[in-house]
1. On a full-extension model of 0.36 nm per residue, what is the gain between Lys39 and Thr101, subtracting their alpha-carbon distance, rounded to one decimal in nm?
2. Say R0 is 22 Å: what FRET efficiency, to the nearest 0.05, do Thr134 and Phe82 get from their beta-carbon distance?
3. Report the label-to-label distance for Phe235 and Phe223 in nanometres (one decimal), using points 7 Å from each Cα along the Cα→Cβ vector.
4. Given the C-alpha centroids of the range 45-62 and the range 254-269, what is the distance between them in whole angstrom?
5. Between Ser161 and Ser247, what's the calculated FRET efficiency when r is the beta-carbon distance and R0 is 35 Å? Round to 0.05.
6. So for the pair Glu315, Tyr273, with labels modelled 7 Å out along Cα→Cβ, what separation do we get in nm?
7. With a point put 7 Å past each Cα toward its Cβ, work out how far Leu191 is from Glu357 in nm, to one decimal.
Amino acid sequence: MRKLTNALLSLMIFFLISSNLTSTEPIKLTKNFTFFTEKNMQGYFKPLITSVGESMNSNLFTRALYPDYWSIGLDISIMGMFIPDDQKYYDAELPLAYGNTSVVKNALLSEGAIIKDVGGTYKQPTVYGGPSTTIFAAPQNKFTKTTSYNGELVPDSSYKSAYFAEGNDISFMAGLPSIQLIGAFPSRTELRLRFLPLPVQNEMMIYWAVILKQQFDHFFNLFDPDDHIGLAVHFAYHSMNRDPGLSLSTFAVGVHASKAWDFGLTAYGGIQYEGLSGEFKAERERGKTSVLDFDVMNNPYPEVRKGGPISFALESFNSFRLLGGLSYRTGIVELHADAAYASQPILNIGLTFWFAEWGKKEEKTESIERYEKIERYERIKKND
């Protein structure tokens, strides 16, 4: 239960790091996030952004057999991602002079061993990882370069120990829930619409999406209608926005197929290409106490000590997914579940309620169709 709670909290952590989220004010980072550099914050949150993007691009299709009449439905689904070990850590940038032993020496403890004089980057946990590793530093020259902070001279960042954010020890991540209105058209086209406002301290972060799908096998008579096999293409565009501060968009394009049986069961599968882009901007919040000011003053990165804004591009590890699943319809209810191979493997389950259907062509039973075929054959034979 604790890990599930942590997973749900972590999904929102990226969007709840502000202490002042109004429609006109910029995002202001709280203390826990003030000490990130732009590069390290990007690496820390990249797996979470991947989870958000993958959950947005889940539940885009089930069957590829779309009816040739009008229908309206509502689909609700939940999903989750398995977090691979290689996304629980990132290469954190270290202070510039780390590794230059004539200026500063450092050491860290890793798996019971002391490692000395690291420089460049060092592995640290992402939001999904575990404990972080502190790197302790000591200056090698008492006449070190100094920097002014509030009129005081303090040691340069090269000579300070580096501390990093802890992870949340998460292996399975809950995704954004998918609630979508479905409209099917006689052209065997299906349109899905999503809209989800996310309340954040009395303000709304808006998520919306448009998914368009088109069956195409019947244009080329690829399958016998009695085989109940369909092929379709799909395209999706998603947007999540909080202005100013956060803009995120994703898209997916792919092809899917399905095979249905008379008793309501359908097997489906597909492949899709996905892309994600966006930007995060925020201001660093200065503390109201001398303790926070002291922490800032002694941060090993000049970028943090200067207290300037933070901005970085949102990125995802994922580009493709391969998916397979089953659906079962009885009456107006359709249950569907699928699994997808992606950068973070995905499980998805949901329910579709088909509220209205109209414009159906007159259906004939197999026995009536067989009788009409025999009757036509007899008439042709008699005329001959």
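1. 19.9 nm is the gain from fully extending Lys39 to Thr101.
2. The pair Thr134/Phe82 has a calculated efficiency of 0.15.
3. About 2.4 nm separates the two model spin labels.
4. Using only Cα atoms to place each centre, the spacing works out to 23 Å.
5. 0.50
6. So the two model labels end up 2.0 nm from each other.
7. 2.1
Laboratory data are not the source of any read-out in this text; all were calculated from the coordinates shown. These numbers come from a predicted model, not from an experiment. So basically every Cβ, Gly included, is an ideal-geometry build from the backbone, and we count neighbours across all protein chains shown.
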